[in-house]
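Asks: First the structure, then my questions, so here it is.
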Amino acid sequence: MLARSLPSFACAVGISCDEVVPWGGHSTTRFAFSIWISLAHVMPYDMLCNHGVSPSCVKGIYDKHIRAALRFRSGVLYNNRLAHRYKFKDSDVCSLCPDRDSAVHLLLKCGHPRMRSMVIARHNQAVRAIAKAIANGKKGGCYMVMDAGPLDDVRNSVSTTIAGTRLPDWMLPHLTDKVRMKMRPDILIVPNIKNEVCFPDSDGDRAALGEVIILEIGYCNDTKYAEKLEQKMEQHAELRKHLKAAGWTDIWMVAMALGISGCVFIDLRHQLVDFAELLSHTEYDRLGYKLHRLALTWMYNIICTRRQLEHQEKTKPHGRASEEVT
Ligand SMILES: [Zn+2]
């Protein structure tokens, strides 16, 4: 199996250029790989960058997933923009939506309903994996709400102790339901409320409980993770302001960026283990590998779906692709 036999990232580059990448050896490919090599130190779980990853940790990751990630990371994942650059296509517009195509567009931004639903499902699955690790971790049993699909689904897949999918009124009593419902963090935890025994009903009660942890998770272009983290940190500025006004004293914002080609950055450990103290190092290790596997498998599945939809478009009697040809 390729994934288990990669001795190093340099070898991965060689395999990529020789076997995987149709335009291997092009300067774009070498430039793209130089970026990944510079990022290797912040991706301890990455099978493509770190040869120390144990085979027992890579269950569920196959050659097809690694090859797809290598194509993306070497800048040659087939898309219309690339095809247009190499004069295989007249247009660089996406085959499925009106926007300009690219590898990042394909994996993250395509407006086709089926592609959008897959991107949302990938995000929800990552949120659930993180919530499940927290629920089973050292702060398990704390009050937790999460916005990652219907309540019954999250209770079945994460924990029966999940309180809801929206913020409760006792948390922000000064706001109308309409305003409160618009504030939807991926996960919100009140560490000092356990097992829903009692809820605060005054600003003083909320100040006594003190702490609220907000977690926001987002997939991004792997090489743009610093920008994504910054964006996620800003996302709930209004919610944090209202929580302060309602009496909560310590509001922690935990932003997490996950790469679309499988990167799980070291910041995630710092955020969950050292900063928010939600997981132990061992608990985080399990989560890190799981997130890496989820991202790689979703990447492969999204690419397959795009190819199927493109094929359907081409074979439609009056489809867009056939109009372009005629
Ligand atoms: Zn598109």
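Asks: Let me spell it out: the conditions are (1) surrounded by 19 or more Cβ atoms within 10 Å (Cβ to Cβ); (2) hydrophobic (A, V, I, L, M, F, W, C); (3) closer than 27 Å to G288 by Cβ, and I266 meets all of them except one. Which number is the exception?
Replies: So the condition that I266 fails would be (1).
Asks: Using beta carbons and a limit of 7 Å, which pairs, at least six apart or on different chains, have the first residue in region 134-146 and on the phi > 0 side of the Ramachandran plot and the second one assigned to a strand (DSSP E or B)?
Replies: The qualifying pairs are G141/K194.
Asks: Given the residues E277, E313, E283, which is the only one that is within 26 Å of W170 (Cα to Cα), touching a residue at least 60 places away in the same chain (Cβ under 8 Å) and surrounded by fewer than 20 Cβ atoms within 10 Å (Cβ to Cβ)?
Replies: Answer to the selection: E277.
Asks: Of all the residues that make up region 72-106, how many are in a strand (DSSP E or B) and under 24 Å from the mean Cα position of the chain (by Cα)? Full working, then the answer.
Replies: To start, the set of residues in region 72-106 that are in a strand (DSSP E or B) comprises 93, 100.
Remaining after also requiring under 24 Å from the mean Cα position of the chain (by Cα): 100.
Of the residues in that region, 1 qualify.
Asks: A follow-up question, please. Can you confirm whether A133 is more than 11 Å from the ligand (Cβ to nearest atom) and touching a Leu at 6+ places or on another chain (Cβ under 9 Å)?
Replies: yes
Asks: Still on this structure, I have one more. Might you check whether a residue that is closer than 20 Å to A276 by Cα and not in a helix (DSSP H, G or I) occurs anywhere in region 107-126? Please lay out each step first, then the result.
Replies: Just the residues of region 107-126 that are closer than 20 Å to A276 by Cα, to begin with: 126.
Next, from what is left, pick out any that are not in a helix (DSSP H, G or I): none.
Within region 107-126 (the criterion being closer than 20 Å to A276 by Cα and not in a helix (DSSP H, G or I)), the answer is no, since none of the residues qualifies.
Asks: Of all residues in region 157-191 being touching a Leu at 6+ places or on another chain (Cβ under 6 Å) and without any contact (Cβ under 8 Å) to a residue 24 or more places away in the chain, which is surrounded by the most Cβ atoms within 10 Å (Cβ to Cβ)?
Replies: Looking at residues that are touching a Leu at 6+ places or on another chain (Cβ under 6 Å) and without any contact (Cβ under 8 Å) to a residue 24 or more places away in the chain, I get R180.
Asks: Just checking, does region 156-169 include any residue being away from the ligand (no atom under 16 Å from the Cβ) and under 18 Å from the mean Cα position of the chain (by Cα)?
Replies: Yes: region 156-169 contains one or more residues that are away from the ligand (no atom under 16 Å from the Cβ) and under 18 Å from the mean Cα position of the chain (by Cα).
Asks: While we're on this one: Give the residues of region 73-85 that are away from the ligand (no atom under 16 Å from the Cβ) and either out of contact with any helix residue (DSSP H, G or I) (no Cβ under 8 Å at 6 or more places or on another chain) or not small (G, A, S) (or both), sorted by residue number.
Replies: R73, V76, R85
Asks: Kindly list, by first and then second residue, each pair from a residue in region 96-114 that is within 22 Å of R71 (Cα to Cα) and among the small types (G, A, S) to a residue that is assigned to a loop (DSSP other than H, G, I, E, B) and near the ligand (Cβ under 7 Å from one of its atoms), limited to pairs with Cβ atoms under 9 Å and residues at least 6 apart or on different chains.
Replies: Listed by first residue and then by second, the contacts come to S102/C94.
Asks: Quick one: how many residues across region 211-247 are under 19 Å from I193 (Cα atoms) and touching a residue at least 60 places away in the same chain (Cβ under 8 Å)?
Replies: 4
Asks: Is it true that D201 is loosely packed, with under 15 Cβ neighbours inside 10 Å and not polar (S, T, N, Q)?
Replies: yes
Asks: Taking A68 as the residue in question, decide whether it is away from the ligand (no atom under 16 Å from the Cβ), small (G, A, S), over 18 Å from G288 (Cα atoms) and surrounded by 18 or more Cβ atoms within 10 Å (Cβ to Cβ). Walk me through it before giving the result.
Replies: On the way: away from the ligand (no atom under 16 Å from the Cβ): yes; small (G, A, S): yes; over 18 Å from G288 (Cα atoms): yes; surrounded by 18 or more Cβ atoms within 10 Å (Cβ to Cβ): yes.
For A68, the condition - away from the ligand (no atom under 16 Å from the Cβ), small (G, A, S), over 18 Å from G288 (Cα atoms) and surrounded by 18 or more Cβ atoms within 10 Å (Cβ to Cβ) - is met.
Asks: Pull up region 86-115, narrow it to residues that are over 21 Å from K224 (Cβ atoms) and touching an Asp or Glu at 6+ places or on another chain (Cβ under 8 Å), then point me to the one that is farthest from the ligand (Cβ to nearest atom).
Replies: That would be D90.
Read-outs: derived from the displayed coordinates by stated rules, not from any lab. Worth saying up front: this structure is predicted, and the values here are computed from it rather than measured. Cβ atoms come from the backbone with ideal geometry, glycine included; neighbour counts cover every protein chain shown.
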